[in-house]
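For reference, the structure discussed in these notes is given below.
The values are calculated or read from the model by the stated rules, or taken from the named source; none is laboratory data. In this text the structure is predicted, and so the values were computed from the model without any measurement. Cβ coordinates were reconstructed from backbone atoms using ideal geometry, including for glycine residues, and neighbour counts include every protein chain displayed.
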């Protein structure tokens, strides 16, 4: 696995979320103003797809399902969220947004202790 | 049949009867499985079958959107076991409150049946035993001739009762709704499971309340008002209610709302918004303590929300699109902390 082209950077507008599939892996893309972020497509709470349920403002994402929130730049949880967003490495090459796909990032739902 | 859910910290086990929905079996056993609507539309009770055979039930359930067949993803509220099963549940299994009430199956009898407006009915269901529920909770109901449970919030509140009061809006395409509107159903039997739901009111939390309801969504908020009234909660705490219906002819529970206002005139504010017609001259000139408005309920309610939330708990109750349309501005514009918003979405 390696760097893969996701889409033109101009397709990913600030305060919106865009989903794409690369080599069968679903990825959620975001524009955080001074760069881009790529996350797994679902909320780490209950696997809600965030392209539909994520509300973005001022680089804070809120899942409208149970209102978990994250700092979109770092993925760190805010408010009631108990888990961070996982983040793929991204870079921009010739107007294309590239995502480093080493392996699919998935949330661990098996631990009830945290 | 034995159902197992394995987590790193512990393995949960419960028995499910033949044909019993896995969600109901687990909740009944006291395992706080994830759910919201409990009736197939939201997708919150997703699980993966890792071992065993299941009957998936409602194959076109809206909650199954984007479910992956290869991962054997199911809705626990629709699925029943055909053998011992192992499941994995992609969320934390955690109790909502220490005083959560275990839901259970009941057979009830419709004892009161009354039309409140052209398309809203009020009915009571009597169950064989006394139970408790939190104000704001709901039951799922299934009529004998109609397949599929539907969720309805209780209107009444009483600590320990065999009477559950519901309202239901007419939906000619609905299952239970069509059945119950077809003729007077007094003395007919219903299957029930509950109580369920987390959009609840607890006096020990000591918040002011800000409540927005559309149509029959008022049910659970009536229960909250009733509980608050019974324990004199509104003696020291404020409550603002915004209740939206289409026209003055669609407005119901006027007497009950006036009674709450009359009992606590200084702390209770009740606003009725008509989306499709102006208030009547009689309403505008009356001194019944209620405030009558024209327009969409959220257009009147949102400007009244206190920015930052203060010590206020916000309750949203109504059709799914109304709840969705309120959450965004509450969080983004009014900057309400998310733990100060409660709703159950089941339409």
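Residue-level check: of (1) within 25 Å of residue B:157 (Cα to Cα); (2) part of a strand (DSSP E or B), residue B:13 misses just (1).
Do you know which residues across segment B:49-63 are more than 23 Å from residue B:17 (Cβ to Cβ) and surrounded by 12 or more Cβ atoms within 10 Å (Cβ to Cβ)? Write out each step before concluding.
Here is the first cut: in segment B:49-63, the ones more than 23 Å from residue B:17 (Cβ to Cβ) are B:60, B:62.
Within segment B:49-63, just B:62 meets the criteria.
Looking for whichever is without any contact (Cβ under 8 Å) to a residue 40 or more places away in the chain and in a loop (DSSP other than H, G, I, E, B) here; the options are A:62, A:74, A:21. Which one fits? Testing whether each residue is without any contact (Cβ under 8 Å) to a residue 40 or more places away in the chain and in a loop (DSSP other than H, G, I, E, B) leaves just A:74. Number of residues in segment A:50-76 that are surrounded by fewer than 18 Cβ atoms within 10 Å (Cβ to Cβ), within 10 Å of the chain's Cα centre (by Cα) and within 17 Å of residue A:89 (Cα to Cα) equals 2. Taking segment B:1-31 as the range and being within 24 Å of residue A:49 (Cβ to Cβ) and modelled with pLDDT under 95 as the test, only B:7 passes.
Does residue B:69 meet the test of being in a loop (DSSP other than H, G, I, E, B), in contact (Cβ under 8 Å) with a residue 12 or more places away in the chain and surrounded by fewer than 18 Cβ atoms within 10 Å (Cβ to Cβ)? Answer is no for this residue.
Take the residues of segment B:266-292 that are part of a strand (DSSP E or B) and farther than 12 Å from residue B:251 by Cα: which is nearest to the chain's Cα centre (by Cα)? If we take residues in segment B:266-292 being part of a strand (DSSP E or B) and farther than 12 Å from residue B:251 by Cα, then B:270 is nearest to the chain's Cα centre (by Cα). When residue B:24 is tested against the conditions (1) under 27 Å from the mean Cα position of the chain (by Cα); (2) surrounded by fewer than 17 Cβ atoms within 10 Å (Cβ to Cβ); (3) not in a loop (DSSP other than H, G, I, E, B), the lone failure is (2). Taken together, the criteria exclude residue B:226 from residues that are modelled with pLDDT of 95 or more and assigned by TED's automatic domain parsing to the domain that holds residue B:115.
Restricting to segment B:89-105, and then to whatever is surrounded by fewer than 17 Cβ atoms within 10 Å (Cβ to Cβ) and away from every other protein chain (no Cβ under 14 Å), can you tell me which residue is farthest from residue A:108 (Cα to Cα)?
Of everything passing the filter in segment B:89-105, B:105 is farthest from residue A:108 (Cα to Cα).
Scan segment B:297-310 and give yes if some residue there is more than 14 Å from chain A (Cβ to nearest Cβ), more than 13 Å from residue B:240 (Cβ to Cβ), surrounded by 15 or more Cβ atoms within 10 Å (Cβ to Cβ) and at pLDDT 90 or above, otherwise no. Yes; the residues of segment B:297-310 include at least one that is more than 14 Å from chain A (Cβ to nearest Cβ), more than 13 Å from residue B:240 (Cβ to Cβ), surrounded by 15 or more Cβ atoms within 10 Å (Cβ to Cβ) and at pLDDT 90 or above. Applying the condition of being more than 14 Å from chain B (Cβ to nearest Cβ) and not in a strand (DSSP E or B) to segment A:97-114 and asking which residue is surrounded by the fewest Cβ atoms within 10 Å (Cβ to Cβ) yields A:103.
Of all residues in segment B:77-84, at least one satisfies being part of a strand (DSSP E or B) and either touching a helix residue (DSSP H, G or I) at 6+ places or on another chain (Cβ under 7 Å) or in contact (Cβ under 8 Å) with a residue 40 or more places away in the chain (or both). Could you check residue B:187 against (1) part of a strand (DSSP E or B); (2) surrounded by fewer than 18 Cβ atoms within 10 Å (Cβ to Cβ) and say which number it fails? Checking residue B:187 against (1) part of a strand (DSSP E or B); (2) surrounded by fewer than 18 Cβ atoms within 10 Å (Cβ to Cβ), the one that fails is (1).
Output yes when any residue across segment A:34-49 is more than 10 Å from chain B (Cβ to nearest Cβ), in a loop (DSSP other than H, G, I, E, B) and surrounded by fewer than 17 Cβ atoms within 10 Å (Cβ to Cβ), and no when none is. Give the derivation first.
So in segment A:34-49, the residues more than 10 Å from chain B (Cβ to nearest Cβ) come out as A:34-40.
If we keep only those that are in a loop (DSSP other than H, G, I, E, B) too, we end up with A:34-35, A:40.
Next, only the ones that are surrounded by fewer than 17 Cβ atoms within 10 Å (Cβ to Cβ) stay: A:34-35.
Yes - at least one qualifying residue is present in segment A:34-49.
Residues in segment A:79-96 that are surrounded by fewer than 16 Cβ atoms within 10 Å (Cβ to Cβ) and within 14 Å of chain B (Cβ to nearest Cβ) were compared, and the one that is nearest to residue A:13 (Cα to Cα) is A:79.
When restricted to residues that are out of contact with any helix residue (DSSP H, G or I) (no Cβ under 6 Å at 6 or more places or on another chain) and either buried (at least 24 other Cβ atoms within 10 Å of the Cβ) or part of a loop (DSSP other than H, G, I, E, B) (or both), segment B:220-244 contains 11. Summed over segment B:324-347, the residues that are within 20 Å of the chain's Cα centre (by Cα) and either closer than 22 Å to residue B:257 by Cα or assigned to a loop (DSSP other than H, G, I, E, B) (or both) give a count of 6.
Name the single residue, out of those in segment B:315-328 being closer than 18 Å to residue B:303 by Cβ and at the interface with another protein chain (Cβ under 10 Å from one of its Cβ atoms), that is modelled with the highest pLDDT. Restricting to residues being closer than 18 Å to residue B:303 by Cβ and at the interface with another protein chain (Cβ under 10 Å from one of its Cβ atoms), the top hit is B:327.
Scanning segment B:33-83 for residues that are at pLDDT below 90 and over 24 Å from residue B:344 (Cβ atoms), we see that the one that is farthest from the other protein chains (Cβ to nearest Cβ) is B:59.
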